[in-house]
1. Using 10 Å bins from zero, what percent of all Cα-Cα pairs in segment 53-121 falls into each bin?
2. Which aspartates and glutamates, if any, have their Cα less than 17 Å from the Cα of LYS102, not counting same-chain residues under 8 positions apart?
3. Less than 13 Å Cβ to Cβ from GLY46, Lys/Arg counted +1 and Asp/Glu -1: what total charge do the surrounding residues give?
4. What accessible surface, in Å², does a 1.4 Å probe find on GLU129, ignoring ligands, DNA and RNA and rounding to the nearest 10?
5. Accessible area of segment 12-66 with a 1.4 Å probe: how many percent of it is carbon plus sulfur?
6. For segment 38-96, with the dipole built from +1 on Lys and Arg beta-carbon atoms and -1 on Asp and Glu ones, taken about the Cα centre, which of LEU69, GLY46, THR87 lies farthest toward the positive end?
7. Write down the accessible area per residue of the chain in Å², having rolled a 1.4 Å probe over the full set of protein chains.
8. Kirkwood Rh and Cα-based Rg: tell me the resulting Rg over Rh for the chain, rounded to two decimals.
Amino acid sequence: MQKNLVQGGSISLPLSLKAKELGFRELLTTETIALPFDYGCLIVKGSHLRTKREELKKVLRATIAAYDLSIQEPAEAKRAIAKYTRTTDPEILEATYRENVKEYARRIPLVSMTGLASIVDFRAEMTAEVKKLTLEKMFDNSLLQEIQKESSQTK
(Lines give C-alpha, C1' and ligand atoms only; values in the text may rest on other atoms or scores of the structure.)
Protein backbone atom coordinates (compact mmCIF):
# COMPACT_ATOMS: atom_id res chain seq x y z
CA MET A 1 0.00 0.00 0.00
CA GLN A 2 2.88 2.37 0.74
CA LYS A 3 4.19 1.84 -2.80
CA ASN A 4 0.67 2.26 -4.20
CA LEU A 5 0.69 -1.25 -5.67
CA VAL A 6 -2.65 -2.04 -4.00
CA GLN A 7 -5.38 0.34 -2.92
CA GLY A 8 -6.39 -1.42 0.27
CA GLY A 9 -6.26 -4.60 2.25
CA SER A 10 -7.04 -6.39 5.44
CA ILE A 11 -4.64 -5.41 8.19
CA SER A 12 -4.57 -6.50 11.80
CA LEU A 13 -2.68 -5.33 14.85
CA PRO A 14 0.00 -4.11 15.22
CA LEU A 15 0.34 -3.26 11.50
CA SER A 16 -2.99 -1.42 11.54
CA LEU A 17 -1.54 1.10 14.00
CA LYS A 18 1.46 1.63 11.72
CA ALA A 19 -0.86 2.10 8.74
CA LYS A 20 -2.80 4.79 10.63
CA GLU A 21 0.50 6.54 11.49
CA LEU A 22 1.31 6.54 7.76
CA GLY A 23 -2.01 8.24 7.01
CA PHE A 24 -4.08 5.27 5.85
CA ARG A 25 -7.75 5.29 6.84
CA GLU A 26 -9.71 2.42 8.30
CA LEU A 27 -12.62 1.89 5.94
CA LEU A 28 -14.49 -0.84 7.75
CA THR A 29 -14.21 -3.47 10.42
CA THR A 30 -16.03 -6.72 11.09
CA GLU A 31 -17.99 -4.73 13.65
CA THR A 32 -19.02 -1.88 11.33
CA ILE A 33 -20.31 -4.31 8.70
CA ALA A 34 -21.89 -6.51 11.40
CA LEU A 35 -19.99 -9.58 10.22
CA PRO A 36 -20.55 -12.39 12.71
CA PHE A 37 -17.19 -13.87 13.55
CA ASP A 38 -16.39 -16.49 16.16
CA TYR A 39 -13.18 -15.37 17.75
CA GLY A 40 -11.15 -18.19 19.21
CA CYS A 41 -12.34 -21.74 19.37
CA LEU A 42 -10.72 -25.07 20.09
CA ILE A 43 -10.49 -27.48 17.16
CA VAL A 44 -10.09 -31.18 17.89
CA LYS A 45 -10.79 -34.47 16.18
CA GLY A 46 -14.15 -36.05 16.87
CA SER A 47 -12.39 -39.05 18.40
CA HIS A 48 -10.66 -36.77 20.94
CA LEU A 49 -13.97 -35.15 21.78
CA ARG A 50 -15.33 -38.59 22.65
CA THR A 51 -12.29 -40.02 24.44
CA LYS A 52 -10.65 -37.01 26.11
CA ARG A 53 -13.64 -35.01 27.33
CA GLU A 54 -12.33 -34.32 30.82
CA GLU A 55 -8.91 -33.24 29.56
CA LEU A 56 -10.52 -30.92 27.00
CA LYS A 57 -12.81 -29.48 29.67
CA LYS A 58 -9.72 -28.64 31.73
CA VAL A 59 -8.29 -26.72 28.78
CA LEU A 60 -11.57 -24.86 28.29
CA ARG A 61 -11.85 -24.07 32.01
CA ALA A 62 -8.32 -22.67 31.89
CA THR A 63 -9.26 -20.57 28.86
CA ILE A 64 -12.28 -19.18 30.70
CA ALA A 65 -10.16 -18.49 33.80
CA ALA A 66 -7.57 -16.69 31.64
CA TYR A 67 -10.30 -14.53 30.16
CA ASP A 68 -11.64 -13.71 33.63
CA LEU A 69 -8.13 -12.80 34.82
CA SER A 70 -7.58 -10.64 31.72
CA ILE A 71 -10.74 -8.67 32.44
CA GLN A 72 -10.01 -8.33 36.17
CA GLU A 73 -6.29 -7.56 35.76
CA PRO A 74 -5.67 -5.63 32.53
CA ALA A 75 -2.08 -4.78 33.49
CA GLU A 76 -1.28 -8.48 33.96
CA ALA A 77 -2.90 -9.29 30.63
CA LYS A 78 -0.83 -6.61 28.90
CA ARG A 79 2.34 -8.03 30.47
CA ALA A 80 1.48 -11.42 28.93
CA ILE A 81 0.74 -9.79 25.57
CA ALA A 82 4.09 -7.97 25.77
CA LYS A 83 5.92 -11.18 26.51
CA TYR A 84 4.46 -13.16 23.62
CA THR A 85 4.38 -10.36 21.05
CA ARG A 86 7.81 -9.10 22.09
CA THR A 87 6.70 -5.50 22.22
CA THR A 88 6.78 -2.89 24.94
CA ASP A 89 4.98 -0.16 23.00
CA PRO A 90 2.10 0.93 25.30
CA GLU A 91 -0.10 1.94 22.36
CA ILE A 92 0.25 -1.49 20.72
CA LEU A 93 -0.32 -3.26 24.03
CA GLU A 94 -3.46 -1.24 24.77
CA ALA A 95 -4.89 -1.70 21.28
CA THR A 96 -4.10 -5.43 21.29
CA TYR A 97 -5.68 -5.84 24.72
CA ARG A 98 -8.75 -3.84 23.73
CA GLU A 99 -9.29 -5.75 20.49
CA ASN A 100 -8.43 -9.25 21.67
CA VAL A 101 -9.92 -9.15 25.16
CA LYS A 102 -12.47 -6.37 25.48
CA GLU A 103 -13.98 -6.22 22.00
CA TYR A 104 -13.95 -9.67 20.45
CA ALA A 105 -13.25 -12.34 23.03
CA ARG A 106 -16.16 -13.94 24.79
CA ARG A 107 -15.97 -15.46 28.24
CA ILE A 108 -17.62 -18.68 27.07
CA PRO A 109 -16.39 -19.11 23.48
CA LEU A 110 -19.41 -20.94 22.08
CA VAL A 111 -19.37 -21.41 18.34
CA SER A 112 -22.40 -19.78 16.73
CA MET A 113 -24.11 -20.96 13.59
CA THR A 114 -24.01 -17.44 12.11
CA GLY A 115 -20.32 -16.97 12.90
CA LEU A 116 -19.40 -20.32 11.39
CA ALA A 117 -21.59 -19.66 8.35
CA SER A 118 -19.79 -16.37 7.63
CA ILE A 119 -16.42 -18.14 7.70
CA VAL A 120 -17.64 -21.00 5.50
CA ASP A 121 -19.26 -18.55 3.05
CA PHE A 122 -15.99 -16.64 2.79
CA ARG A 123 -14.00 -19.81 2.16
CA ALA A 124 -16.58 -21.06 -0.35
CA GLU A 125 -15.79 -18.08 -2.58
CA MET A 126 -12.35 -19.61 -3.16
CA THR A 127 -13.02 -23.32 -2.75
CA ALA A 128 -16.19 -24.76 -4.25
CA GLU A 129 -16.20 -27.95 -2.19
CA VAL A 130 -16.65 -25.90 0.99
CA LYS A 131 -20.26 -25.32 -0.12
CA LYS A 132 -20.92 -29.04 0.44
CA LEU A 133 -20.15 -28.86 4.18
CA THR A 134 -22.96 -29.33 6.68
CA LEU A 135 -22.58 -26.63 9.33
CA GLU A 136 -24.36 -28.58 12.05
CA LYS A 137 -21.74 -31.35 11.78
CA MET A 138 -18.80 -28.95 12.00
CA PHE A 139 -19.00 -27.96 15.65
CA ASP A 140 -19.95 -29.24 19.06
CA ASN A 141 -20.55 -26.88 21.97
CA SER A 142 -21.34 -29.70 24.40
CA LEU A 143 -18.16 -29.31 26.49
CA LEU A 144 -18.76 -25.61 27.03
CA GLN A 145 -22.43 -26.25 27.76
CA GLU A 146 -21.41 -28.86 30.37
CA ILE A 147 -19.01 -26.34 31.95
CA GLN A 148 -21.77 -23.71 32.02
CA LYS A 149 -24.16 -26.16 33.65
CA GLU A 150 -21.57 -27.24 36.23
CA SER A 151 -20.78 -23.61 36.97
CA SER A 152 -24.42 -22.69 37.51
CA GLN A 153 -24.90 -25.67 39.84
CA THR A 154 -22.00 -24.64 42.11
CA LYS A 155 -23.29 -21.09 42.57
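1. Calculated over all Cα pairs of segment 53-121, the distribution is 18, 39, 32, 11 percent.
2. GLU31, ASP38, ASP68, GLU73, GLU76, GLU91, GLU94
3. On the way: positive: LYS45, ARG50, LYS52, ARG53, LYS137; negative: ASP140.
Summing Lys/Arg as +1 and Asp/Glu as -1 gives +4.
4. Its heavy atoms expose roughly 120 Å² to the probe.
5. Values: 2600 of 4240 Å².
C and S atoms contribute 61 percent here.
6. Farthest towards the positive pole: GLY46.
7. Dividing the accessible area of the chain by its residue count gives 76 Å².
8. Over the Cα atoms of the chain, Rg/Rh equals 1.02.
The values are calculated or read from the model by the stated rules, or taken from the named source; none is laboratory data. Only a predicted model underlies this, so the values are computations on that prediction, with no experimental measurement involved. Cβ atoms come from the backbone with ideal geometry, glycine included; neighbour counts cover every protein chain shown. Heads up: the accessible areas ignore ligands, DNA and RNA and are worked out on the full protein's heavy atoms, side chains in. Shrake-Rupley method; radii C 1.70, N 1.55, O 1.52, S 1.80 Å.
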